[in-house]
1. List the number of the failed condition for Leu407; all other conditions in (1) assigned to a helix (DSSP H, G or I); (2) at pLDDT below 95 hold.
2. Restricting attention to segment 369-377, does a residue exist that is modelled with pLDDT of 95 or more and more than 27 Å from the chain's Cα centre (by Cα)?
3. Quick one: is Leu558 part of a helix (DSSP H, G or I), more than 24 Å from the chain's Cα centre (by Cα) and surrounded by 18 or more Cβ atoms within 10 Å (Cβ to Cβ)?
4. For the subset of segment 7-37 comprising residues that are surrounded by fewer than 24 Cβ atoms within 10 Å (Cβ to Cβ) and either touching a Cys at 6+ places or on another chain (Cβ under 7 Å) or among the basic types (Lys, Arg) (or both), which member is modelled with the lowest pLDDT?
5. Go through segment 303-320 and give me each residue that's buried (at least 24 other Cβ atoms within 10 Å of the Cβ) and in contact with a Ser or Thr (Cβ under 8 Å, 6 or more places away or on another chain).
6. Within segment 561-589, how many residues turn out to be part of a helix (DSSP H, G or I) and either of a type in the set (Ser, Thr, Tyr) or under 26 Å from Glu402 (Cα atoms) (or both)?
Amino acid sequence: MPIQPPHRPGDKPITILGISCYYHDSAACLVRGGEVVFAAHEERYTRKKHDEALPKNAIEHALKYAGITIDDVDAIVFYEKPLLKFFDRIIPTYITQWPLGFLTYHRAMHEWMQKKLWIPQNLKKELKYKGPVLFTSHHESHAASAYYASGFPDAAVVTVDGVGEWATTTIGRGKGTELNIVQELHFPHSLGLLYSAITYYIGFKVNSAEYKVMGLAPYGEPKYMKEMRELIEVREDGSFRMNMKYFNYEVGLRMTGRAIEQLFGQPTRRQEAPLTQFHKDVARSLQEITEEIMLKVCTHAKKLCPSDNLCLAGGVALNCVANGKVLRAGIFKNIFIQPAAGDAGGALGAALAAWHKEYGGERLPKMEHVYLGNAYTQDEIEAYLNAQGLPYEKLGDAELIETTAGLLQGTNVVGWFQGRMEYGPRSLGNRSILADARNKENWQKVNLKIKFRESFRPFAPTVLEEKVSEWFDLDRESPYMLLVADTRPDKRELIPAVTHVDGSARIQTIRRDQNPRYYDLIKAFEQKTGCPVIINTSFNVRGEPIVESPKDAVNCFLHTHMDILVMGNCLLRKEKMPESVKRDTEAYLKQFQLD
């Protein structure tokens, strides 16, 4: 039974604060009367990539945006059950593997005793909060974040990640306001941890650079499928078992060791060492087995939970190539992928789960966008620029769109800072770097001179939703860059900067009701060029969180080879910046831990 009705006396809506933290990608989400009012990652404020700390800044901004205080919050909901995780999985695992797990056990005991076991007490103390603290399980949070935001009346719900308390993969059934997990796989057997382990073996950073492996895969061939099947046994229903002799994550501080090096015949790549064809082929083989497993899991989910609709969440749901394969397989008519599919999305899922399960709240419409963070007014933007002594042009709305659309043509790279910050790992038109997708040189320019990242990394296109099927092999919306589809053969030479080496693209579609100013910009660009597609990548440099404030945006603009910065109605040109404000790029990059 609900712990209280969804509205209190006086018809004041129930206010729920969802929190995810203490592992990676901490975030906060504020839900009032079932509506998502605010959601943001802590890293955007602290400037620490994948910040795991209690999201005090995100919470402060959420309360400020809603015009309330912590005393107005009816419940805080944490996105997993730490006592179950610690005593039921972590400690027994280390003891089972004793003495190999001693060092990890000692470190874990210290860390958990310090902050993670006493979450209710910590939250109340740190936030000066006096109300109830509730908990959902990790994968329940993931499932709720996708299903309750999907707008579907019913759905099969699949969550796949590294590990929560015990679960690593779950299948759930959603109907109306009911959501139940019906089947799950348990640690140490984990597709997410397999992907992270190979990410580590190829020399990239775990929990940060798995998307690099996905981007590298098209450059390789699946030559190591035999070795992959030695690492993981895959069954027809999508369940699987890891061969743990090749993995160290149960007991050690590393994901893999000598056994996997012997299996593949090469040592673990050091970070920043050259990438060879071997690494590309391993990446492709990993991607192939990931897609195979996801297809089988989703096929099995259809049998367990018959529905035309599929919801996906968990870190593996950010694998947009696998998502595209699931879509094209035609297992389900409709797919909704939670845009904040990783752990940050657990804050949203925890809040929505509590709204429905604890308070008996009603379903709300589909999540149509993720512009859920804080915004800066025109006055605030101008005040910052004036304080810094930076020259800018202040343009009216129509002139701003026309001028920027003109500047986008050719080789200019534009920083675009507008409205409310996006929730989730993608920049979707409010904290974005934009460029002309028709210019092939822009791929390398943005990678090497703006983002300071590897040259193989692809860029996503944003396309007007009504034109998506003319340019890509996709017949539906993709507002969150979570589906990969082929660029149509007759268009590939027209937009080479967003067409990957295998002819594919990670697509963002945009409608005017989702983001009027961003839509109008691309529409104006189309009217000038005949092309409704532009490059859109996150507004940051490698290792830096996406920019949050005018200060962050200006820093990124001045420290890179970005040509134009548009913030609100202010337009800044690099060529007009005085010598006195030019910044030391090397010193800037050293602030951030490279991923």
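The values are calculated or read from the model by the stated rules, or taken from the named source; none is laboratory data. Just so it is clear, the structure is predicted and the values come from calculations on it, not from any experiment. Neighbour counts are summed over all protein chains in view; Cβ atoms, including those assigned to glycine, are modelled from backbone coordinates with ideal geometry.
1. Failed condition: (2).
2. No: segment 369-377 contains no residue that is modelled with pLDDT of 95 or more and more than 27 Å from the chain's Cα centre (by Cα).
3. Spelling it out, Leu558 is indeed part of a helix (DSSP H, G or I), more than 24 Å from the chain's Cα centre (by Cα) and surrounded by 18 or more Cβ atoms within 10 Å (Cβ to Cβ).
4. Arg8
5. Cys311, Leu312, Ala313, Gly314, Val316, Ala317, Asn319 - these are the residues of segment 303-320 that are buried (at least 24 other Cβ atoms within 10 Å of the Cβ) and in contact with a Ser or Thr (Cβ under 8 Å, 6 or more places away or on another chain).
6. Within segment 561-589, residues that are part of a helix (DSSP H, G or I) and either of a type in the set (Ser, Thr, Tyr) or under 26 Å from Glu402 (Cα atoms) (or both) number 6.
This table checks each residue for (1) charged (D, E, K, R); (2) modelled with pLDDT of 95 or more; (3) closer than 25 Å to Gln338 by Cβ; (4) not assigned by TED's automatic domain parsing to the domain that holds Ala273.
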{"residue": "Glu393", "(1), (2), (3), (4)": "yes, yes, no, yes"}
{"residue": "Trp416", "(1), (2), (3), (4)": "no, yes, yes, yes"}
{"residue": "Asn439", "(1), (2), (3), (4)": "no, yes, no, yes"}
{"residue": "Glu454", "(1), (2), (3), (4)": "yes, no, no, yes"}
{"residue": "Ser469", "(1), (2), (3), (4)": "no, yes, yes, yes"}
{"residue": "Tyr480", "(1), (2), (3), (4)": "no, yes, yes, yes"}
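One line per residue, one yes/no per condition, for (1) among the basic types (Lys, Arg); (2) surrounded by 23 or more Cβ atoms within 10 Å (Cβ to Cβ); (3) under 18 Å from the mean Cα position of the chain (by Cα); (4) assigned by TED's automatic domain parsing to the domain that holds Arg32:
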{"residue": "Asp281", "(1), (2), (3), (4)": "no, no, no, no"}
{"residue": "Glu292", "(1), (2), (3), (4)": "no, no, no, no"}
{"residue": "Ala301", "(1), (2), (3), (4)": "no, yes, no, no"}
{"residue": "Ala350", "(1), (2), (3), (4)": "no, yes, yes, yes"}
{"residue": "Leu364", "(1), (2), (3), (4)": "no, no, no, no"}
